[in-house]
Amino acid sequence: MSADQGFELHPLAAQDITGIWEYIAKDSPLATRRVREEILDGIRALTQFPHQGYRRPNLTSRPLRFYPVREFVIAYAPEKMPLLIVAVFHGRRSPRVMATISQRQGVTAPCRLPGQPTPASIPSIVRRTTLDLL
């Protein structure tokens, strides 16, 4: 997605959306396009009113906001222009995973959350964090 649409997807956020699409396609190919479009519509709505999402000070002191769309959550930096979408993840993820996601921007490196396995079946969003923070 390009800046001329009012937002920019972090490369890993684009991977998140693709991963969601692929996961849903396994069970319901007809629903994949609808869910993807609803997520993108949610992102487009945020470009008009970037502070409508909620903060999670228990997860991050960074100026990120979180916005729900269906059962997913869009993590974004409202102060960035164009609006920077940092991640898109399922809303039932654990707070520790969300905290890792909220640190994402810039150079990425693999990480392993303490006490948590990282098999291939766990989406890549769990296995990465960033070295550069907002």
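The values are calculated or read from the model by the stated rules, or taken from the named source; none is laboratory data. Only a predicted model underlies this, so the values are computations on that prediction, with no experimental measurement involved. Cβ atoms come from the backbone with ideal geometry, glycine included; neighbour counts cover every protein chain shown.
Per-structure values
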item: Candidate set from region 19-44 (those that are more than 15 Å from PHE72 (Cα to Cα) and not charged (D, E, K, R)); member that is nearest to the chain's Cα centre (by Cα); result: ALA25
item: In region 26-72, residue nearest to VAL86 (Cα to Cα) [restricted to those that are among the basic types (Lys, Arg) and part of a helix (DSSP H, G or I)]; result: ARG44
item: Unmet criterion (only one of (1) at pLDDT 70 or above; (2) under 12 Å from the mean Cα position of the chain (by Cα)) for VAL126; result: (1)
item: Filtered residues of region 50-65 (kept if loosely packed, with under 15 Cβ neighbours inside 10 Å and closer than 21 Å to ILE17 by Cβ); result: GLN52, TYR54
